[in-house]
1. Provide the net charge surrounding residue 81, with neighbours chosen by a C-beta distance below 10 Å and charges set as Lys +1, Arg +1, Asp -1, Glu -1.
2. How much of the DSSP beta bridge set in the chain is antiparallel, as a percent to the nearest 5?
3. State in Å² the accessible area per residue of the chain; use a 1.4 Å probe, count heavy atoms of protein chains only, and round to the nearest integer.
4. Only residues of the stretch 271-289 count here: report those whose backbone N is under 18 Å from the spot 7 Å along Cα→Cβ of residue 31, or say none.
5. Within the stretch 1-74, what whole-number % of the accessible surface is contributed by carbon and sulfur, with the 1.4 Å probe and all protein chains included in the calculation?
6. Beyond 29 Å, how much of the Cα-Cα pair distribution for the chain remains, as a whole percent?
7. Just from its helices, what would the mean residue ellipticity at 222 nm be for the chain, if runs of 4 or more DSSP H residues each count -39500 (n - 2.57) and the sum is divided by every residue, rounded to the nearest 500 deg cm²/dmol?
8. Name the residues whose placed amide hydrogens come within less than 5 Å of the amide hydrogen of residue 40, ignoring near sequence neighbours (fewer than 5 apart) on the same chain.
Amino acid sequence: ATTLGASAAQSGRYFGVAISAGKLGDSTYTTIANREFDMVTAENEMKLDATEPNQNQFNYSSGDRIAQWATSNGKRLRGHTLAWHSQQPGWMQNMSGTALRNAMLNHVTQVATHYRGQIYAWDVVNEAFSDNGDGSRRDSNLQRTGNDWIEAAFRAARAADSGAKLCYNDYNIDNPSHAKTQAVLAMVRDFKARGVPIDCVGLQAHFNSGNPVPSNFQTTVSNFAALGVDVQITELDIQGSGTDQANKYRTVVNACLAVARCTGITVWGVRDSDSWRASDTPLLFDNSGNKKAAYTATLDALNAA
Ligand code: G3I
């Protein structure tokens, strides 16, 4: 097949992209997004600060623009994200204890209910583990409400939308031997053992020179899948250019294709200039919308599966 989405579909997978509501008027951008991808994630529009700017006053205008664009162009939608320490609205940043716990659960319930029936998978909880190398939870106002905040969020999401797959999503969980990866594996294993509703793990996969694609990335994908959850590569971008970047994309794509329960890949933006770290030129299309070597490597890997 000649597009990323159609090529991924040959093995029952999707190939997605993060899009921004503010760019939906850019025809170069929308032409590529519509042609190449069959799943979309809102880059910012469904986050906490966007959807609940004042407590209990929900604003779905930008999120709905993304959802509408997806529906009208025949794309599925990943939801990002219901509970996160970052991009909290100001009113939430200063909350704590039971009041914060209840506000977080209300947020999960309201947003998941609003989008019920439209979401393939929700990133229910995002980035809850620390990077300090000991596998501990990240300190945050949410963590300080009690270690069970993550499972509480998952139970609320399931109650609100029983049709969406519920994912835990994080970065720096790509190397199978790192403490952070081991800690997330242990949490998922525990959730499955105790019947906490979790269906998938999202590996963000933001790679750069300081955080390279591990040679055994496939082992990580398969270790998560072995716990009985789907795995999705949710925010892929790789610093670099030319053949070297193309080879790294090929490694990541092949790791997903080699694991039956790796159900899809999403890149975190359309063109390099759309990236949150544009100077790394980490995406599949250059600033003018031309296909890069990384695009061709990705397409060829999908077609070889
Ligand atoms: O929209 C406002 C604009 O009105 C204002 O003038 C401008 C001034 O700073 O800010 C604009 O908002 C920015 C927003 O992106 C939209 O461009 C925010 O400041 C900026 O913080 C925000 O960055 C986003 C970042 O998450 C925030 O945490 C990036 O676009 C987005 O790509 C990035 O995505 C995250 C995932 O959600 C989670 N995983 C990591 C990933 C990369 O950081």
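1. Numbers: positive: 47, 78; negative: 123, 127.
Residues near residue 81 contribute 0 overall.
2. Values: 4 of 40 bridges.
Antiparallel bridges: around 10 percent, rounded to the nearest 5.
3. Details: 11140 Å² over 305 residues.
On a per-residue basis, 37 Å².
4. 271-274, 284-289
5. Details: 1230 of 2890 Å².
Solvent-exposed carbon and sulfur of the stretch 1-74 make up 43 percent of the total.
6. On the way: 14367 of 46360 pairs.
Cα-Cα pairs of the chain separated by over 29 Å account for 31 percent.
7. Working: 11 runs with 119 residues, N = 305.
Value at 222 nm, helices only, nearest 500: -12000 deg cm²/dmol.
8. 17, 76, 77, 78
The values are calculated or read from the model by the stated rules, or taken from the named source; none is laboratory data. Treat the numbers as computed from the prediction; the structure is a model and nothing was measured. Reconstructed Cβ throughout: ideal geometry from the backbone, glycine too, with neighbour counts over all protein chains shown. For accessibility, only protein heavy atoms count, side chains too; no ligands or nucleic acids. Shrake-Rupley method; radii C 1.70, N 1.55, O 1.52, S 1.80 Å.
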